[in-house]
Every structure is written in C-alpha cells, then in structure tokens.
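Notes follow once the structure below has been shown.
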Amino acid sequence: MSADAKVVEMTQDEQTEMNRGLHYEENLLWEKKRSDHPGVDLPQPAGLKSRTGVLERGDIGLPQVSEPQVVRHFVRMSTWNYSIDHGFFPLGSCTMKHNPRLNEKLARLPGFAHIHPMQPESTVQGALKLMYELQDWLAELTGLPGVCLAPAAGAQGELAGMMTIKRAHELKGQSQRKVVLAPDSAHGTNPATAVMCGYEMRTISTKLDGRLSIESFKEALYKTCDKGSDIAGMMVTNPNTCGLFETNIVEISDLLHKAGGYFYCDGANFNALIGKIRPGDFGVDVMHLNLHKTFSTPHGGGGPGSGPICTTDELAPYIPVPTVVKEGDRYALQWADSRETTLGRMKGFVGQFGMHVRALAYMMSHGADGLKQVSEDAVLNANYILSQLKDDYYVPYDGPCMHECMITDKHQKEAGVTTLDIAKGLCEYGYHPMTVYFPLVVPGTMLIEPTETESKDSIDRFITVMKGFAADVRAGDTEKFHDFPLSTPRRRCDEVKAARNPVLRWR
Ligand SMILES: *Cc1c(COP(=O)(O)O)cnc(C)c1O
C-alpha cells in the first residue's frame, strides 16, 4: 500500500450494513447514530396547540430509521442464531436432528394452516382425524393407549403426567402417597415437576456403572416404610441421561408397582428406542414424548415444542382434556363434561397443532421400518463417536452407549484444560458444543448426541477436531484453550456475573 493511500475507516454501523466479514454482531437500533432523515417524516400540522400541559411528550429517543433499515436489521439478526440448519449440533439429550422440509410443506397446506381452533368440529374433521391418527401412532410406538396431545413441551408433558398420577391416587383414596423417586442423574425438570405437584423428592443413587441398581432402588423405595406405601411414583429416563439403557428396569418397575406406585418415564430420549421396544412393555405407566426431539419438529429457537403424554388404559381416565375420539365416522374433541375423572386442561385449545402435522408427516414418511432405522442409526452414530474418541478422552462407563455418548475431561484437566475450554474451542471451530457438565453424576461430563441425520463426513470432521484438541493438550499446547473462542464477536463472558447480575435493559 502506498504511503498516501487512504484507508477508509468504517463505523460499526457501516460495516454491518455492508455485511462486511459477515460479522455476527451489530448495534441495537437504539444505538444507531440518530439520523437527520427519520423513517417517518410528516410535516408539522398547522396551528397545533398542545393541550397535554405538563404531560407533553419530549424526545423519547426513538431510533430514526427507515422501513428497509428496520427490515435488514431484524433479518440479519434472525440469521445469527446457530441452528441445526447452520451446522452440526451435538447437544446431548436435545436430539437436534434435521427437520425434513416435507413436514414444513404439509404444515403449510391451507387446510391445516388456516383453520381456527374455535371453528365448529364439523368443519375441521380432517384436522381432528390427523390428531386422532397421531394419537394412534404414539400409542402404537409406546405401547401406551391413553394419549393426550395437548402439552406444549417436554416439561409440560412431565407436569401433565405427574398430575395424572396424582389425580389417580386422589380418586383412589391414596392421597397419603407423597414421595416421588428419581435417580441422581435425572434431568432437572423431573424433580422440579414432582415438587410443583406437591411431592417430596427422594433420590436413587446410581452406582458405578451409571445405571440404577436393584439395591439402591430398594433402599429408596423402602426408606421410611417397608411396604413403600408412601410412594406415589418414580420418574426415570430410559435410556438415562448418561446415554445408557437401564437394564434392571423390568424388575424395578415390578417392585414399584407392588408398592402401589406408578412409573413415569421421561421419554425425551425416545430416539434411542423408537420402533425397537415399547416402554409400556417394560412397565411404564405414563410417559411424555418430545415431538420436537424424536419426531423432528423444530426446536431450539426454531418453533414451539410439543410434549404429548401416553398412559396405560388404567391411567387414561385421568389424563388432561381434550383428547380426540371417534364416534362412528366422525371425529370429536372430548372435554371434561364427558370425562369427569380428568385432571382438567393444561393448555389453550388442542395444543401445538402445527407440530402435530409435522410429527405425523415424519412418522408416515418413515413408516414402521424407517422409524426402526432411525433409532438404529442414531445409536450407531453415537457409538462410532465413542469408539473414535475413547483413547483420547476419559470414558466413565464401559460398553456401548445408546443414542448419545459420554466422555469427560479427566485426562485434559491434569494439563489445565477443562470441559469448558473444549466447548469454547468447538465454538471457534464452528460447532455448537455438546452438552457440558450434565448429568452431574460424573465431573466434567461432555454428552454428545449426533442423531441419525448427520452424515459420516460431518461426524468425521467433528471427531478430527476433538482428536486434535486432545493431541494439542498432550503436546503441551494448552495456552490457546483458555483464549478460545478467538474469532467470535464476544469472547468469554463472565458467566457468573452474567447469571448473578443480568442487565436486561439497554440504557
Ligand atoms: C429435553 C428434555 C426435557 C424437557 O423437554 P422440553 O421440551 O425442553 O421442556 C426433559 N427431560 C429430558 C431428559 C430432556 O432431554
């Protein structure tokens, strides 16, 4: 560059407005330089006299931007949320799989997209039939025939499921049952749900192999009375949050049932089992399913969730309303006036209907054989990653995993590199990190769930990056890990401060 060449200095506003470097950050509209050319420019009305007295409004500092500037600002921001459409997203326990565009196409059909929940039932027979068929598919896949599609997410499904259990105990005169069991590896929503229902939590400790043992289960079941007659139920995820199948589950559910408790299964990890086994067959009384995980409806900023519950015939009278019933060749919503045992309603109208369309589209396009292959491929992919990384990272539990694999930072930590550093390194290399520090049963966990929709190429590249990190640590090249990520607009935040003193308002 010659000495007198002029470097054009750009403001940050100018840089982003030219999309320079595809910079994933820009000022708030409020922070933009006030323009002399406001977006809306009306002449002062003639002869206007303020009649508001002291309440007269001063300059409140609204940003002066035109419609295209506003549109570009928000469209740019809408692309900054890392998603499964941007790249690999191995977030354990979240099942970030590809959302087939066929689902979207069907959900946009005017007959589905343009109906209103207050239309007379006779005018939405097709939509009700779709929901009825979805109930049927879920019943078939879980072996649990009582289905309510209404809950809006996994956590609300859990609440609906535990309220079902509570309602059943109440109507059977068993209100003295106040204790709910859950393993120490449980997802946080499990104990939170039980406590919200007024139950007391009792933890089952998982033993060295990461699974529930009969002994630890019995210890918790009979802790305060030898018949377990204070037990309302148990909440277990299978496969559990360590990605392991609970092998003692039939014996455990038998003991629970003998004690008079119900078995709630957190079905968020159903992607590992779908088409292979039915949870109803291993003793589950009620479970929720995350349509937005297993059945490919968008989540993680991409759309509302949907968490239907499925129960045994015994518990079906208590589940929330509405459910879709078939009367002759007509479909109808069943409400509390025709099923008084119900716990009531959890949600406005019928739930997230658009997600029901997407989920059924996914199931029907896969068919029974395709769904079985979903879980087989999901499990295969997770085991491939585990087998490739097992010599580089510490593997706390031996043997194959289910749909997600767990490794830890035990080896790297000796050199001062932690799970957090590795996660930040993944950001630098263009990945959404895996789930970190969860479950809490092992220190420094990294829970990796590739799902069945990831190609071998993209999994291999991820493995190469992870192996590269381990090799760098072994070679003593550890300094950079504390600086990762290097090229994101924000580097490392003071996360403790951010959590304790969140600044939610721009001034
Ligand atoms: C995702 C998940 C939930 C909660 O589901 P949401 O739809 O996020 O409310 C509950 N349990 C487990 C094990 C999960 O992975």
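The values are calculated or read from the model by the stated rules, or taken from the named source; none is laboratory data. The model shown is predicted, which means the values in this text are computed figures rather than measured ones. Ideal geometry is used to build each Cβ from the backbone, glycine not excepted, and the neighbour counts take in all protein chains shown. These area figures cover heavy atoms from the full protein model, side chains too; ligands, DNA and RNA do not enter into them. Shrake-Rupley method; radii C 1.70, N 1.55, O 1.52, S 1.80 Å.
Pull up region 292-320, narrow it to residues that are under 30 Å from Leu171 (Cα atoms), open to solvent by less than 10 Å² (accessible area, probe 1.4 Å) and assigned to a loop (DSSP other than H, G, I, E, B), then point me to the one that is farthest from the ligand (Cβ to nearest atom).
Filtering first and then ranking leaves Leu315.
Looking for whichever is more than 16 Å from the ligand (Cβ to nearest atom) and surrounded by fewer than 17 Cβ atoms within 10 Å (Cβ to Cβ) here; the options are Asp230, Asp226. Which one fits? Within the list Asp230, Asp226, the selection yields Asp226.
Yes/no matrix, rows are residues, columns are (1) away from the ligand (no atom under 15 Å from the Cβ); (2) among the basic types (Lys, Arg); (3) surrounded by 24 or more Cβ atoms within 10 Å (Cβ to Cβ):
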{"site": "Phe245", "(1), (2), (3)": "no, no, no"}
{"site": "Tyr262", "(1), (2), (3)": "yes, no, yes"}
{"site": "Lys276", "(1), (2), (3)": "yes, yes, no"}
{"site": "Gly283", "(1), (2), (3)": "yes, no, no"}
{"site": "His288", "(1), (2), (3)": "no, no, yes"}
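Applying a threshold of 8 Å to beta carbon distances and a minimum spacing of six or more residues, or different chains, the list of pairs starting in region 54-78 at a residue that is β-branched (Val, Ile, Thr) and ending at one that is open to solvent by less than 80 Å² (accessible area, probe 1.4 Å) and part of a helix (DSSP H, G or I) reads Val65/Leu29; Val65/His73; Val70/Leu29. Residue pairs whose Cβ atoms lie under 6 Å apart, separated by 6 or more positions or on different chains, with the first residue in region 452-466 and within 16 Å of Gln373 (Cα to Cα) and the second buried (at least 19 other Cβ atoms within 10 Å of the Cβ), are Glu452/Val374; Glu452/Ala378; Thr453/Lys97.
The sole residue among Met131, Met162 that is within 15 Å of the ligand (Cβ to nearest atom) and either over 15 Å from Val350 (Cβ atoms) or touching a strand residue (DSSP E or B) at 6+ places or on another chain (Cβ under 8 Å) (or both) is Met162.
When region 305-327 is filtered for residues that are hydrophobic (A, V, I, L, M, F, W, C) and touching a His at 6+ places or on another chain (Cβ under 6 Å), only Ile309 remains. When region 180-202 is filtered for residues that are within 16 Å of the ligand (Cβ to nearest atom) and of a type in the set (Ser, Thr, Tyr), the ones remaining, listed by number, are Ser185, Thr189, Thr193. Evaluation of Ile407 against the conditions (1) more than 27 Å from Glu479 (Cβ to Cβ); (2) outside any helix (DSSP H, G or I) shows that the sole unmet condition is (1). Within region 157-172, the residues that satisfy the criterion of being out of contact with any helix residue (DSSP H, G or I) (no Cβ under 9 Å at 6 or more places or on another chain) and open to solvent by less than 60 Å² (accessible area, probe 1.4 Å) are Ala160, His169. Of all residues in region 462-507, those satisfying the criterion of being under 14 Å from Cys427 (Cα atoms) and loosely packed, with under 15 Cβ neighbours inside 10 Å are Lys480, His482, Asp483, Leu486, Ser487, Thr488, Pro489, Arg490, Arg491, Arg492, Cys493.
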